[in-house]
1. Under 29 Å Cα to Cα from Lys200, which lysines show up? Leave out anything in the same chain fewer than 8 places away.
2. Where the accessible area of region 10-249 is counted over protein heavy atoms with a 1.4 Å probe, how much of it, in %, is carbon and sulfur?
3. When the dipole is taken about the Cα centre of region 251-341, and only Lys, Arg (+1) and Asp, Glu (-1) are charged at their Cβ, what size is it in debye, to the nearest 20?
4. Can you tell which of Ala295, Leu42, Leu276 lies farthest toward the positive end of the dipole of the chain, using +1 and -1 charges on the Cβ of basic and acidic side chains (Lys, Arg; Asp, Glu)?
5. Run the quick spin-label model on Glu247 and Asp326: label points 7 Å from Cα toward the beta carbon, then report their separation in nm to one decimal.
6. Where in region 146-214 are there trypsin sites (Lys or Arg not before Pro) that are in a DSSP coil and have at most 16 other Cβ atoms within 10 angstrom of their Cβ?
7. So, for region 251-341, what is the accessible surface per residue at a probe of 1.4 Å, expressed in square angstrom?
8. If I ignore ligands, DNA and RNA and count only protein heavy atoms, how much of Ser82 is accessible to a 1.4 Å probe, in Å² to the nearest 10?
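The values are calculated or read from the model by the stated rules, or taken from the named source; none is laboratory data. Keep in mind it's a predicted model, so treat the numbers as computed, not measured. Backbone-built Cβ (ideal geometry, glycine too); neighbour counts: all protein chains shown. These accessible areas exclude ligands, DNA and RNA; they are computed on the full protein's heavy atoms, side chains included. Shrake-Rupley method; radii C 1.70, N 1.55, O 1.52, S 1.80 Å.
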Amino acid sequence: MIDLRSDTVTRPTEAMRKAMAQAEVGDDVYEEDPTINRLQELAAELMGKEAALFVPTGTMGNLVALLAHCERGQEILLGDNSHVFYYEVGGASVVGGLAFHTLPNDRFGMIDPAMVAGAIRTPDIHFAQTGLLCLENTHNRAGGTVLSKEQIDQLCQVAHDRDVPVHLDGARIFNAASFLELPVAQLVENLDSVQFCLSKGLAAPAGSIVVGNRNFIAKARKMRKMLGGGMRQAGVLAAAGIIALTEMTQRLEEDHYNARRFAQSLAWIDGFDLDLETVQTNIVAVNLNEKTGTAAEWVAKLKDNGILAGAAGPRRLRFVFHNDVDRAGLEKALSTISNLAS
Ligand code: TLP
């Protein structure tokens, strides 16, 4: 099987497995796990922020950040196509009593700064106060598209001018930094907090990191405990996370190359509609027309032929490139799809 459903399916590398077996551990609720502490220090330094917190998943990382920034009854501004809004089970509303105020994402995952300015609430007895602006980079549902540093900075400026902090769901921030050829710390410089995943393209078996200032991370640590994310001897996981940050970020451009080659070839197939401008990193979204069939039909057909793909909508397929798909896998996927389509 060639598994292109997501980069979440990557398995830990040999180096990770070795590091995990040898990891020094302690109780992280007492902040005594040396490997977790090392990972957090490394992550904070890489992202140019004061402090970092290791969390089990990206979903929990975003949720602890939202809870740490906001108070019950506040509103979060975010894109209508964002992962936090779409795929995180409404956690911020369920657990935090927070309201989502969505603004349109364009096809690159950008939000219009003028709309953000217009949506930030003024003091008024009728209004929920704006507690946070939440961005996403790379943007999953847009197809792995990248916000530039200038775009992020522009949105940060609009929010900060009105004392609203900005959080980034940077699950795939290293893919964005690789596309932009920028040090990741520079890209996230003006953001108040960032969540990024170790377990997607970076291939660790589990884990995400939240970064921000010391005070924010202290609050996030408490929220993590509340959500049941105090993981004790999780240094075995953090050991893989250290390898993810030191050895795996450099190779993401290979996934981007594979995604691009795949997309350019698929674009020739009748009935497969691709927006090649949005194929910037490791995700390829393909829109199907009425003649071509539904995403569910294609997912089933592909599975019968050894290819796993995802459905990102009734007529939208998603293919994600990662460390466990090599050039031969890419070529096999392409020829299988061409045969099925003809
Ligand atoms: N995304 C998953 C699914 O949930 C859709 C995937 O296969 O792409 N932010 C972004 C932008 C993400 O893409 C994801 C995972 C998360 C947060 C959540 O991370 P986890 O799965 O670790 O909770």
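1. Hits, sequence-local ones excluded: Lys18, Lys49, Lys149, Lys219, Lys222, Lys225, Lys301, Lys303, Lys332.
2. Working: 4990 of 9820 Å².
The computed percentage sits at 51.
3. 160
4. Ala295
5. Placing both labels 7 Å beyond Cα along the Cβ direction yields 1.7 nm.
6. Working: sites: Lys149, Arg162, Arg172, Lys200, Arg214; in loops: Arg162, Arg172, Lys200.
Passing sites in region 146-214 are Arg162.
7. Here the per-residue accessible area is 46 Å².
8. Around 10 Å² of this residue is reachable by solvent.
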